[in-house]
1. Evaluate the following for B:Ser45: is it of a type in the set (Ser, Thr, Tyr) and either open to solvent by less than 30 Å² (accessible area, probe 1.4 Å) or part of a loop (DSSP other than H, G, I, E, B) (or both)?
2. Under 9 Å between Cβ atoms, at least 6 apart or on separate chains: pull out the pairs that start in region A:145-167 with a residue that is on the phi > 0 side of the Ramachandran plot and end on any residue that is in a loop (DSSP other than H, G, I, E, B) and open to solvent by 80 Å² or more (accessible area, probe 1.4 Å).
3. Can you tell me which residues in region B:1-13 are touching a residue at least 24 places away in the same chain (Cβ under 8 Å) and either part of a loop (DSSP other than H, G, I, E, B) or surrounded by fewer than 22 Cβ atoms within 10 Å (Cβ to Cβ) (or both)?
4. In region B:354-377, what residues are touching a helix residue (DSSP H, G or I) at 6+ places or on another chain (Cβ under 6 Å) and small (Gly, Ala, Ser)?
5. Limited to region B:364-374, what total is found for residues that are open to solvent by 20 Å² or more (accessible area, probe 1.4 Å) and in contact with a Leu (Cβ under 9 Å, 6 or more places away or on another chain)?
6. Considering B:Leu475, B:Leu465, which residue is assigned to a strand (DSSP E or B), at pLDDT 90 or above and closer than 16 Å to B:Leu303 by Cβ?
7. Tell me which residues, restricted to region A:278-291, are open to solvent by less than 10 Å² (accessible area, probe 1.4 Å) and either of a type in the set (Gly, Ala, Ser) or within 14 Å of chain B (Cβ to nearest Cβ) (or both).
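The values are calculated or read from the model by the stated rules, or taken from the named source; none is laboratory data. The shown structure was predicted, so the numbers you read here are calculated from the model rather than taken from an experiment. Note: ideal-geometry Cβ built from the backbone for every residue, glycine included; neighbour counts use all protein chains shown. Ligands, DNA and RNA are excluded from the accessible area calculation, which covers all protein heavy atoms including side chains. Shrake-Rupley method; radii C 1.70, N 1.55, O 1.52, S 1.80 Å.
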Amino acid sequence: MNGKVELRDFSLLIALVLIGGFFALMSPQFLSARNMAMLTIELSITAVLALGMLLVILPGHIDLSVGSGVGLVGGIASVLVFQAQWPAAPAMGLALAVGALLWLLMGFVIVREKMPAFIITLGGLLVFKGAFWLVIRNATVPVAPGGETNLYAALTTYYLPPWAGGLLMLACFAGLAGAKVRSNLRRKAFGFEAEDWEMAFLKLFVTGQLMLLFTVVMNQFRGIPLTAVILGAVALAVTVVTEHTPFGRYLYAIGGNEEAAVISGVPVNRVIIAAYGILGAIVALTGFMQTAYSGASTTTVGDLMELDAIAACVIGGTSLKGGRGSTSGVLFGALIMAVLLNGMTLLAVSPEFKFIARGAVLALAVWMDVRLSRD
Amino acid sequence: MAPPRLSARSITKRFPGVTALREVSFDLKAGEIHALCGENGAGKSTLIKVLSGIHPAGSYEGELGIDGAPAAFESVADAEAAGIAVIYQELALVPEMTVAENIFLGAEPVSGLLIDWDRVYRDSKALLERFGLELDCSAPTKSLGMGRRQLIEILKALRKETRILILDEPTAALSEAEVASLLDILRDLRSRGISCVYISHRLDEVFALADRVTVLRDGSSVTTLDVAAADKASVIRHMVGREITDLYPRRAPAPGETLLRVEDLSVSGPEGEGALEGVSFSAAAGEVLGIGGLMGSGRSELLMHIFGAWGRRTAGTVELSGRPLAAGPRACLDRGLALVTEDRKRCGLFLDQEVGFNLSLSAVGGLTRHGLIDEQAEHRANESAAASLRVKAPSLETRVGTLSGGNQQKVVIGKALMTSPRVVFLDEPTRGIDVGAKIEVYEIVNRLTAEGKAVVLVSSELPELMGMSDRIVMLHEGRVGGVFKRGEADQERLLAAAMGHAGSPAQGGKG
């Protein structure tokens, strides 16, 4: 499950370097600290949603409604804060509960009525979009009352002080190294193939360098953005859930062979409902970040985000049939999508061509996946 | 003497790291049925792929000949043009289409741009009549049983100019009656001069049907025997390379307390049809209870229902260790009842996942600490399961889909046993696996009963049922057709019970 290096991992890296290199050449601003910070925030938002999407794609389902949900949940919080004058924390708490409940409900309908997730969530896409516009009454609703700042707005405007960011990255690196050593020792004890220590050390060294570089670049602007911390926490949680809990095993099992999962005693229905419930909470979190990044709820917040999330999963090697996919792959996929969008925005590519490029990259990634897995 | 219709000379086929076929030679005469026997992994499927052009000429060494002339198939189409058709275990029929549509699938006669449906149905009808099949060629294929579908697949091959028919385990999913009619059709084809390569694990069929048998072992052709002059024991000996003294090594301990009691169970199926009616039986610790019956008698449905995965109960009770059993696989596993299903690929295995994932899946919920999987405990459990069942895999991280059928079956059994059940349901545990692996499965059954577990064994093979069961329940159309003690049953009496003549066992033979 881990430790294996495959050709497709490199192909993603090559694609990333090519895309990134192209933008760096075309626009000198691309590599600026300020843009890297913006890119990090955009990546965090896309990646958090994609990680949630992974939880329902692994068992072979799908969710087309997350984009509308992002707008709706963010809109509920905005309205509570701006119009009802609630403090940000309870407003976001209530909106999060609404998100989780809506998704639990969709999960329940999908398993109970045996309806295809595609249809239910397609319905969700339209219903939530309509509900969103009702909630904000087609207006622009800022995330914080005029000029003030609150917890909601701070989601995308707060940056860790340089020393705190540095300490956090150090702690992350220590944790990463510890986990790597522990897993290597364990694999050796189990008699599995494990990397030799030189290779493991080399990988850690490169990772450490990248983390250092990231910290230095971020600190040149305002520091590590809060959204990056949120992404780190969500990525850690999703990795632990998918790889180290029975629930995660069940996700893979259901996607691999649902009938066999039932016979093996996997509580299929409960697992699916729970996966949608967690996705609902992640949609809410994404909704807050995306709305805060836009500064206000407007009718277009969240548009087409479901496709970016699905694309990130697929580019990262997740099988839409279920049973195959990993958090690291999804993070990589999200990075490619985020770089692509950010770079095109910098180059002031017209929306028409943005759509075309996103679609082409998605199709290309899937084609690559099909080709490479056909060995 | 006429040259053989199809000959293979010194075929060697190498894959990276493995030599799948080593100097394999055999020939097929005109109008002959030639059986290929061998354990899983002996090279039968690779040989078929060479013969049918899936492995193109040049990817193997040695040569093929058709009617004495050398032949080199670059593709499946080349082999088909030479008159070779292969019928695989997994049928290539579209269930939603009618019989005639399937027969002409991919070769629809056209007039102009449109399909000439009149001709499709006319020719299909003629083909069906030629082989004496009373079948409506406008019926949807999904409405037919497996046996009929197999025949349609053969007709599909015969529609073309097929002179060599290769059948890969054609009877694996067929009932006894369907097997008999398939064998009749094949004999009929032989009398029409069509040659046939017949691959089967079932030696009874090979001996009833084939003219000659070639045995493959470890990629080599060991021997070719005339069936008339050979016996099963010698074929098995060639297949496994050693003497097998006891095909059914049942060692029955004294039965203990009753673990499973089923009383008067009636069940209706998903469409509300009555599937089981008034079924009662019990299984005691240390006992193997065999359950037999014809296809459609409700054998598998009975197990699946008790396990909570099929149908709706309309009457009756099921008790495990004296307490009623709640519905649902999870509840059953938690109470100590495990099921190994009939179709291991469809409802047993996660083919893309590792051996360890498959083994521990049912038990992994209990192998946690603070909500996280205790990987060390899981690994220890997986290792001991793989070792005690003798799963032959390079590592616990090997993908299950790459293992042989017998080892896959052991993984499915291991998954069930890891939940520490007291009662184990085995539904056709030896289907499609080779003789050596079968005996290993029987030894596992012996070990389970020696440990005081009860085993309920469903099998469509009467010799297996008689050889391994301490008691046998025969089902007939969803009811108990007869109950027999070990040694008191012979094939005729069991069959009679399966066909509903159990009330008077003395006349059973007439069934």
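1. Working: of a type in the set (Ser, Thr, Tyr): yes; either open to solvent by less than 30 Å² (accessible area, probe 1.4 Å) or part of a loop (DSSP other than H, G, I, E, B) (or both): no.
The answer is no for B:Ser45.
2. none
3. Hits for region B:1-13 are B:Ala2, B:Pro3, B:Pro4, B:Arg5, B:Ser7, B:Arg9, B:Ser10, B:Thr12, B:Lys13.
4. Residues satisfying the conditions are B:Gly356, B:Ser360, B:Ser362, B:Gly365.
5. If we filter region B:364-374 for residues that are open to solvent by 20 Å² or more (accessible area, probe 1.4 Å), which is where we start, we get B:365-372, B:374.
Adding the requirement that they be in contact with a Leu (Cβ under 9 Å, 6 or more places away or on another chain) leaves B:374.
Number of matching residues: 1.
6. B:Leu475
7. A:Gly280, A:Ala284, A:Gly287 - these are the residues of region A:278-291 that are open to solvent by less than 10 Å² (accessible area, probe 1.4 Å) and either of a type in the set (Gly, Ala, Ser) or within 14 Å of chain B (Cβ to nearest Cβ) (or both).
This table checks each residue for (1) crowded, with 22+ Cβ neighbours inside 10 Å; (2) small (Gly, Ala, Ser); (3) within 24 Å of B:Ala172 (Cα to Cα).
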{"site": "B:Val279", "(1), (2), (3)": "yes, no, no"}
{"site": "B:Ser282", "(1), (2), (3)": "no, yes, no"}
{"site": "B:Leu289", "(1), (2), (3)": "yes, no, yes"}
{"site": "B:Gly293", "(1), (2), (3)": "yes, yes, yes"}
{"site": "B:Cys332", "(1), (2), (3)": "yes, no, no"}
